[in-house]
1. As an exercise, identify the chymotrypsin sites (Phe, Trp or Tyr not before Pro) in the range 61-129 lying in DSSP coil whose Cβ has no more than 10 other Cβ atoms within 10 Å.
2. R0 = 22 Å: FRET efficiency of residue 39 with residue 116, Cβ-based, nearest 0.05?
3. Would you mind listing how long the range 1-99 runs along its three principal axes, going by Cα atoms, in whole Å with the largest first?
4. When the accessible area of the range 1-93 is split by element with a 1.4 Å probe, what percent falls to carbon and sulfur?
5. Once fully extended, how much extra length lies between residue 70 and residue 19, figured as 0.36 nm per residue of separation less the alpha-carbon to alpha-carbon distance?
6. At 1.4 Å probe radius, can you tell me the per residue accessible area of the range 24-73 in Å²?
7. Which of the trypsin sites (Lys or Arg not before Pro) found in the range 1-90 are loop residues per DSSP with 10 or fewer other Cβ atoms within 10 Å of their Cβ?
8. Report the full-extension gain for the segment residue 7 to residue 125: residue separation times 0.36 nm, less the Cα-Cα distance, to one decimal in nm.
Amino acid sequence: MWQFNPNEYEASEFSIIPQGDHRVRIEDVEFKKSKSSGNDMFEITLAVSGHSGNVWHYLTLDPNDPKKTNQKIGTFFESFGITDYNMMNYPRWKGKVGGARIIHEEYNGDQRAKVRFLLSKRNQEKLAPAKFGNAVSAAPVADNYAVIDDDDDGLPFA
């Protein structure tokens, strides 16, 4: 069993991500049901360039308002440069870099950083280059796979 040593513990304070426009990278995507509407949605975890905290973006799919839903999806795809429009390929979104306007909002008495809206590629041009301190846990998924002929004498492991 582990013996905790309180002398080796330092309390850490996290500073809130500043308001403004930031480069963001998709760290994780979960397909869920919205608690408020019951609609399908994507909960997207975003790392913010130059900062240690994350923010979340929610892409709710509202079958009662397809025009508004498609506008939100199009804005998301455009911001992150996603050209594969098959929504079920969402695991491939990991690692994509886009832009977001971050605002502060009070939540349970504390100020929290929140995504106000996503930035178009044109509005990302003025942002500093992205600086992310941690790597995305999953490597990008390739779209095409080469067929390997196991009768090939040129294979190095044959």
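The values are calculated or read from the model by the stated rules, or taken from the named source; none is laboratory data. From a predicted model like this one, the values you see are computed outputs, not experimental measurements. No Cβ is skipped: glycine too gets one built from the backbone with ideal geometry, and neighbour counts run over all protein chains shown. Note: accessible area is taken over every heavy atom of the protein model, side chains too, but ligands, DNA and RNA are not part of it. Shrake-Rupley method; radii C 1.70, N 1.55, O 1.52, S 1.80 Å.
1. 85
2. Numbers: r = 21 Å, r/R0 = 0.96.
According to the calculation, E is roughly 0.55.
3. Between the extreme Cα coordinates on each principal axis of the range 1-99 lie 57, 31, 24 Å.
4. The value for the range 1-93 is 51 percent carbon and sulfur by accessible area.
5. 15.6 nm is the gain from fully extending residue 70 to residue 19.
6. Per-residue accessible area for the range 24-73 comes out at 57 Å².
7. The qualifying sites are 35.
8. Result for the pair: 37.8 nm of gain on full extension.
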